[in-house]
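Chemist: Below you will find the structure I want to go over with you.
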Amino acid sequence: INAEYMGIRMLAGRLLSFVGPFRGHTRCFSSVNTHQTAGPPMGACPFAYAQQQQQQQEPTVPAAVTATVDDDGSVLATMPTRPLPSVGKFRTYFDLIFGGYLDKSRPLLLHPYSQALFSRLQSEVVHSKGLNIVFLCNPDDFMTVLRSEWSSPKGAAASLWLFKEVFREHGSNMPLGTLDGEDWAKKRHKVQPQVFLQSAIAPYVESNLAPVAKDAISFIAAQPNHTPVLKDLGTRVAFEMVTKVLIGLRVGLLTNSSSPVTDEFVKCAITFLEASGPLAVEADREKGMKMKEWPVCKTNLDRCLELGKVLLAESAASDVDCVFKRLKAKGQLAEEYLTVELAGLLAAGVDTTACTVQQSLFALARYPHAQAALRDEVMRVLGHDGDITAAKLGQMPYLRAFAREQHRLHFVANTNVRVEDYEVVLRNGEFRVPPKTMIMFDMRPYQSDPSLLFGDPDLFLPERWLNRKGAYDRVKGGGKAAQAAERGNDMEAADDSPHPTPGEQLGTIDNYVDLSASPCAPRSVQVFAPSLRVKHAMLETPFGLGPRQCLGGRLATLETQTFLCEVLRNFKLVGVNPLTRNTIPGGMCFPLPDPNIRFERL
């Protein structure tokens, strides 16, 4: 069936190649990995090859010539303004769906905004005219978008109609993520020290998160055959950890000790989160408010806010340290705002953390070599009974590399969105994005480019993110520093440098197995250091960069790390459902159907 489907897909692609004028709109980006062959070589970057092909085509007549000013005030080289490489609505949907979403032979392409859309036009900037969306896959292009708004930065939630509409009646007491301008800056300044700073949240690992992780171990052990449903487990762990840190209360999802208030609060919150997923991916406000999920979302949020006031009162009476108690002690935020912000942080933190937990457990069971390596590190640093602290988590480079590789291959969210009120100028004036156009950054093409990874992008290899000394390796300064280093004469790392040269072999995995692949026999796999460009800070994390980066991103990382360490020193994860794939039923990706992972006691 899959072979027949692939044949139909190829035929349909050929037929659709006659639809729409694309040849005159192709534009390729600059790349350091150029090829001198007649066609793109196997494993080569299609964009880099297309750059050479572009030089053989007739040049597009520039509509205008513009000059832009760099950060230091110097005038950059002028570039002719070109029309945005464009496709129609039907062509966009075809690439987003048949370009990867249904291709179960390569899990990398399951992201709907796959490289198919960019490859078709051989461009990193693609405008879908019918949908009024500009898709970007170069992280530096999206950094340009972010820099353009730094005087008044927007967040992804602030660019979407859903969260503004659902909290509209609360006026100025809107969640932080939905605010813009001065209102956002004032509240972020008050909230950030208690939620974002590592020094503020580090103590929560031992006092608030570790006890939840221990209860999760007991919950797993009580499941039939030690085989919990991952979606259920992830939601329980995430909800317990988030509420424990925010309001200092346990809601009883792991210990069956909930009260009627917490029961209803959890039910309303989860229903709100599930209903908001389909609404969040609907760009049109009018269409969204006619969807069946809209009244469900609004009704459950309102009830969640009512119950949240009761829980905040309970939190104030307890002696447990938590974020909201600290904020209230400062006397800087109104009681009503704290209730709304509780709902906002739950909306931002529960689903994302739950999906990350699911994807991490799926990856540990699916790739036994990674599970064994990470367990060795956990036992070396923590031992079987040692306390989990933020300092000890910081001593685990393989844990960080595992999270980086999971984000690359088994992502939870791999896009970022902005809708600006002004024209956005990209690449020194080469492209201009009209106001009110949705700009969607997709990390997938770079993360899965074999010419940047120097190998098969379908292989799960956390080792690729370690340096010569086994420490986590990254490029400070993001994309410009990375590209400057690769274009310079000193691209090859010195012999005494801990940082590897891109393409340098770092080692060999002798027993590599992917239990979801067919066949899944052990084999030897070489590990190569990736290009510095794929180590761009914008690609490293799902939490974004800049002033509007995720407020709870660091806390979410500590939550996931704490849980995984406790799991690995208590269980061996065995078996994977061969039918399980990464799917995106709503706005985030998680494994479906359930992997049926068995947790064997160590």
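The values are calculated or read from the model by the stated rules, or taken from the named source; none is laboratory data. Every value quoted in this text rests on a predicted model; they were computed, and no experiment measured them. Every residue, glycine as well, gets a Cβ built from its backbone with ideal geometry; the counts of neighbours run over all protein chains shown. The accessibility values were calculated without ligands, DNA or RNA, using every heavy atom of the protein model including side chains. Shrake-Rupley method; radii C 1.70, N 1.55, O 1.52, S 1.80 Å.
Chemist: Since Thr235 meets every condition but one in (1) closer than 24 Å to Val310 by Cβ; (2) surrounded by fewer than 21 Cβ atoms within 10 Å (Cβ to Cβ), which condition does it not meet?
Modeler: The failed condition is (2).
Chemist: Scan the stretch 198-226 residue by residue and report those that are outside any helix (DSSP H, G or I) and open to solvent by less than 70 Å² (accessible area, probe 1.4 Å).
Modeler: Within the stretch 198-226, Ala202, Gln223 qualify.
Chemist: Moving on. Evaluate the stretch 325-336: report whether one residue or more is modelled with pLDDT under 95, aliphatic (A, V, I, L, M) and part of a helix (DSSP H, G or I).
Modeler: Within the stretch 325-336, one or more residues are modelled with pLDDT under 95, aliphatic (A, V, I, L, M) and part of a helix (DSSP H, G or I).
Chemist: Now for a different question. Among the residues of the stretch 253-263 satisfying the criterion of being without any contact (Cβ under 8 Å) to a residue 40 or more places away in the chain and more than 19 Å from Asp302 (Cα to Cα), which is most open to solvent (accessible area, probe 1.4 Å)?
Modeler: Checking each candidate, the answer is Asn256.
Chemist: Is at least one residue of the stretch 266-275 open to solvent by 10 Å² or more (accessible area, probe 1.4 Å) and within 23 Å of Phe571 (Cα to Cα)?
Modeler: The answer is no, given that none of the residues of the stretch 266-275 is open to solvent by 10 Å² or more (accessible area, probe 1.4 Å) and within 23 Å of Phe571 (Cα to Cα).
Chemist: While we're looking at this one, here's another question. Would you mind listing the strands (runs of 3 or more DSSP E) fully within the stretch 73-174 where at least 2 residues are out of contact with any helix residue (DSSP H, G or I) (no Cβ under 8 Å at 6 or more places or on another chain), open to solvent by 20 Å² or more (accessible area, probe 1.4 Å) and modelled with pLDDT under 80?
Modeler: Those strands (runs of 3 or more DSSP E) span 79-81.
Chemist: Okay, moving on. Conditions first: (1) modelled with pLDDT of 90 or more; (2) more than 24 Å from Leu539 (Cβ to Cβ); (3) open to solvent by 60 Å² or more (accessible area, probe 1.4 Å). Gln505 passes all but one, so which condition is the exception?
Modeler: With (1) modelled with pLDDT of 90 or more; (2) more than 24 Å from Leu539 (Cβ to Cβ); (3) open to solvent by 60 Å² or more (accessible area, probe 1.4 Å) applied to Gln505, the lone miss is (2).
Chemist: Go through the stretch 401-437 and count every residue that is at pLDDT 90 or above, crowded, with 21+ Cβ neighbours inside 10 Å and among the β-branched types (Val, Ile, Thr).
Modeler: 1
Chemist: Where residues in the stretch 325-340 are open to solvent by less than 10 Å² (accessible area, probe 1.4 Å) and not aliphatic (A, V, I, L, M), which of them is farthest from Phe265 (Cα to Cα)?
Modeler: Across the stretch 325-340, the extreme among qualifying residues is Tyr337.
Chemist: Still on this model: Can you find, within the stretch 240-252, the residue that is nearest to the chain's Cα centre (by Cα) among those that are among the charged types (D, E, K, R) and open to solvent by 10 Å² or more (accessible area, probe 1.4 Å)?
Modeler: Lys244
Chemist: Somewhere in the stretch 191-199, is a residue of a type in the set (Phe, Trp, Tyr) and over 21 Å from the mean Cα position of the chain (by Cα)?
Modeler: no
Chemist: Right, here's the next one. May I ask you to list the residues in the stretch 542-575 that are touching a residue at least 60 places away in the same chain (Cβ under 8 Å) and assigned to a loop (DSSP other than H, G, I, E, B)?
Modeler: Pro542, Gly544, Leu545, Gly546, Pro547, Arg548, Cys550, Leu551, Gly552, Arg569, Asn570, Gly575
Chemist: Here's a follow-up. Mind checking which pairs have a first residue in the stretch 453-468 that is open to solvent by 30 Å² or more (accessible area, probe 1.4 Å) and among the hydrophobic types (A, V, I, L, M, F, W, C) and a second that is outside any helix (DSSP H, G or I) and at pLDDT 95 or above, Cβ under 7 Å, 6 or more apart or different chains?
Modeler: Pairs that qualify, where the first residue is open to solvent by 30 Å² or more (accessible area, probe 1.4 Å) and among the hydrophobic types (A, V, I, L, M, F, W, C) and the partner is outside any helix (DSSP H, G or I) and at pLDDT 95 or above, are Phe454/Phe528.
Chemist: Test of understanding: among Pro578, Pro595, which residue is open to solvent by less than 30 Å² (accessible area, probe 1.4 Å), assigned to a loop (DSSP other than H, G, I, E, B) and modelled with pLDDT of 85 or more?
Modeler: Pro595
Chemist: What do you reckon, is Leu532 free of Cβ contacts under 8 Å to residues at least 60 places away in the same chain, out of contact with any strand residue (DSSP E or B) (no Cβ under 6 Å at 6 or more places or on another chain) and open to solvent by 10 Å² or more (accessible area, probe 1.4 Å)?
Modeler: Here the answer is yes, as Leu532 does meet what is asked.
Chemist: Suppose the filter is closer than 25 Å to Leu209 by Cβ and either under 20 Å from the mean Cα position of the chain (by Cα) or in contact (Cβ under 8 Å) with a residue 40 or more places away in the chain (or both); does Leu327 pass it?
Modeler: Against the criterion (closer than 25 Å to Leu209 by Cβ and either under 20 Å from the mean Cα position of the chain (by Cα) or in contact (Cβ under 8 Å) with a residue 40 or more places away in the chain (or both)), Leu327 qualifies.
Chemist: Go through Ser218, Ser276 for me and flag whichever is of a type in the set (Ser, Thr, Tyr) and within 30 Å of Gly130 (Cβ to Cβ).
Modeler: None of the other options fit; the residue is Ser276.
Chemist: For the structure I just gave you, tell me whether Gly288 is among the small types (Gly, Ala, Ser), under 28 Å from the mean Cα position of the chain (by Cα) and surrounded by fewer than 23 Cβ atoms within 10 Å (Cβ to Cβ).
Modeler: It is true that Gly288 is among the small types (Gly, Ala, Ser), under 28 Å from the mean Cα position of the chain (by Cα) and surrounded by fewer than 23 Cβ atoms within 10 Å (Cβ to Cβ).
Chemist: Oh, and also: Out of the residues in the stretch 344-388 that are touching a helix residue (DSSP H, G or I) at 6+ places or on another chain (Cβ under 7 Å) and acidic (Asp, Glu), state the one that is surrounded by the fewest Cβ atoms within 10 Å (Cβ to Cβ).
Modeler: Asp387
Chemist: Could I ask something else about it? Can you tell me which residues in the stretch 472-495 are at pLDDT below 70 and part of a loop (DSSP other than H, G, I, E, B)?
Modeler: Selection gives Lys476, Gly477, Gly488, Asn489, Asp490, Met491, Glu492, Ala493, Ala494.
Here's the yes/no breakdown for (1) touching a residue at least 12 places away in the same chain (Cβ under 8 Å); (2) more than 30 Å from Thr580 (Cβ to Cβ); (3) over 26 Å from the mean Cα position of the chain (by Cα); (4) not in a helix (DSSP H, G or I):
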| site | (1), (2), (3), (4) |
| --- | --- |
| Ala238 | yes, no, no, no |
| Phe265 | yes, yes, yes, no |
| Ile270 | yes, no, no, no |
| Glu274 | yes, no, no, no |
| Leu279 | yes, no, no, no |
| Trp294 | yes, yes, no, no |
| Cys304 | yes, yes, yes, no |
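Chemist: Lys290 is checked against (1) part of a helix (DSSP H, G or I); (2) of a type outside the set (Asp, Glu); (3) more than 21 Å from Leu176 (Cα to Cα) and fails just one. What number does that condition carry?
Modeler: It is condition (1) that Lys290 fails.
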